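Each remark here refers to the structure printed beneath this line.
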Amino acid sequence: MRNSHLEADCLFCKIILKDIPGKVVHEDDKALAFEDISPQAPVHLLIIPKKHIARLADLQADDAALLAHLFSLVPILAEKYGVLESGFRTVINSGERAGQSVFHLHIHLMGGRDFRWPPG
Ligand code: AMP
Ligand code: ZN
């Protein structure tokens, strides 16, 4: 692995390394954002750290600035995709019972339709 913060068996680490393709919409030294392969809304992006953190449950105190950086991208991308004012939803699933299927921390950013509460 070319980056010691990444894991060989992780799908999203492979997208970071460009070993598998992703429709990347933002990239910087700490984060990557790309389109979800199975969108659940007209806008459905995933924002991930360039560090393998499996679940939100595994976040450490010294990851706080990294998480803040990920969230700072939310309004930027929401504006870029035209959902900043109409409304959007952010979701982080942590663990199997919450529906997490890829164990590399990611923020779902979804918009372009109405959402219900509570989520299923
Ligand atoms: P979660 O269920 O919260 O872990 O979300 C994982 C998300 O990753 C799902 O919405 C999937 O559609 C998405 N996903 C899985 N594989 C890929 C991929 N190769 N490229 C982009 N998104 C993916
Ligand atoms: Zn990973």
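Within the bounds of region 60-80, is there any residue that is part of a loop (DSSP other than H, G, I, E, B) and surrounded by 12 or more Cβ atoms within 10 Å (Cβ to Cβ)?
Going residue by residue through region 60-80, those that are part of a loop (DSSP other than H, G, I, E, B) are 60.
Within this subset, residues satisfying the condition of being surrounded by 12 or more Cβ atoms within 10 Å (Cβ to Cβ) are none.
No, that holds for no residue.
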Next on the checklist: Any residue that is of a type outside the set (S, T, N, Q), touching a helix residue (DSSP H, G or I) at 6+ places or on another chain (Cβ under 8 Å) and under 25 Å from Ser4 (Cα atoms) - is there at least one of those in region 66-86?
Outcome noted: no
Next on the checklist: List the residue pairs whose Cβ atoms are under 7 Å apart, where the first residue sits in region 3-28 and is of a type in the set (Phe, Trp, Tyr), the second is surrounded by 15 or more Cβ atoms within 10 Å (Cβ to Cβ) and assigned to a loop (DSSP other than H, G, I, E, B), and the two are 6 or more positions apart or on different chains.
Outcome noted: Phe12/His104; Phe12/His106
Checklist entry - Taking region 54-113, which residues are of a type in the set (Asp, Glu) and within 19 Å of Glu27 (Cβ to Cβ)? => result Glu79
Checklist entry - Out of all the residues in region 15-52, which are buried (at least 18 other Cβ atoms within 10 Å of the Cβ) and farther than 26 Å from Glu79 by Cβ? => result His52
Checklist outcome for this item: In region 92-116, anything over 15 Å from Ile53 (Cα atoms), more than 7 Å from ligand 1 (Cβ to nearest atom) and among the small types (Gly, Ala, Ser) is listed as Ala98, Gly111, Gly112
Checklist entry - Which condition breaks for Lys14 when tested against (1) under 23 Å from Gly120 (Cα atoms); (2) out of contact with any helix residue (DSSP H, G or I) (no Cβ under 9 Å at 6 or more places or on another chain)? => result (1)
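Since every read-out is calculated from the coordinates, none of them should be taken as a lab result. Not measured: the values here are computed from a predicted model. With ideal geometry, Cβ positions are generated from the backbone for all residues, glycine too; neighbour counts draw on all protein chains shown.
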